[in-house]
Amino acid sequence: MNRLTIRVGGLHTIDIDLPNFKPTHLIGILDPTMPEPGGYRHLGPEIDRTLLRYIDREVEREFSPLPEHVETKLAAIERAIAALNRAPVRLFVHCHAGASRSTATAYLALARQFGPAEAEAAFAELLQITNKPWPNRRIVEFGDALLGGQGRLLKPLDAYREANINRLPAMLRLHRIRAIRDPGYAERLGMKKSWTVAERTKPKD
């Protein structure tokens, strides 16, 4: 069975990733006010492009991911899979840092191909194509429901999180250190002071 070739990236590497990877399909996720990245200039009109805008949160708040966002992603994934009948497909998925919203989306693409019953294998493949991901659980939860996973997509994700409980704060700390050393890095990523664990996971008072 032919499968999608998937690459996950962030805004700090997109200028290199797009011309090197030469995607046939792209799913981008940006904050609502973030301008489109300059790297999009590398995308020709023939590229199947989907751009979604919401904030990387795992709780119900303004601009949090919604089921309709995930429905749109899955529709883009279906188009990419259908295109495999004609030619190889290279799907590029990006958000800001390439760690949470984009890795959750890549996981859904893999789960769609492997099938919900093989979610463990799909998640293992995600770990092979990404570096220390932290998939947004809210996105995966919506995707699990839409794909009929009955919680099976969440099982390997939750086990991974439990085994790597310090990964998210460590990742955020690393970005802050890089931003101090290189102010341009923060600008490229669209970093905000709200890039905290609490901002992602705690409901608004």
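The values are calculated or read from the model by the stated rules, or taken from the named source; none is laboratory data. Model, not experiment: these values are computed from the prediction. Please note: Cβ atoms are built from the backbone with ideal geometry, for glycine as well, and neighbour counts cover all protein chains shown.
The table for this structure:
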quantity	calculated
Conditions (1) surrounded by 19 or more Cβ atoms within 10 Å (Cβ to Cβ); (2) over 13 Å from the mean Cα position of the chain (by Cα); (3) in a strand (DSSP E or B): number failed by LEU91	(2)
Residue within segment 161-173 that is small (Gly, Ala, Ser), in contact with a helix residue (DSSP H, G or I) (Cβ under 8 Å, 6 or more places away or on another chain) and on the phi < 0 side of the Ramachandran plot present	no
Residue, surrounded by the fewest Cβ atoms within 10 Å (Cβ to Cβ), within segment 59-79, restricted to residues that are acidic (Asp, Glu) and at pLDDT below 95	GLU62
Residues being assigned to a helix (DSSP H, G or I) and more than 14 Å from GLU58 (Cβ to Cβ) - total across segment 162-171	6
Hits in segment 19-47 - residues which are among the acidic types (Asp, Glu) and in contact (Cβ under 8 Å) with a residue 40 or more places away in the chain	ASP31
Qualifying positions in segment 24-50 - exposed (fewer than 13 other Cβ atoms within 10 Å of the Cβ) and either under 16 Å from the mean Cα position of the chain (by Cα) or assigned to a loop (DSSP other than H, G, I, E, B) (or both)	PRO32, THR33, PRO35, GLU36, GLY44, PRO45, GLU46
ARG3 under 20 Å from VAL140 (Cα atoms), in a loop (DSSP other than H, G, I, E, B) and in contact (Cβ under 8 Å) with a residue 12 or more places away in the chain	no
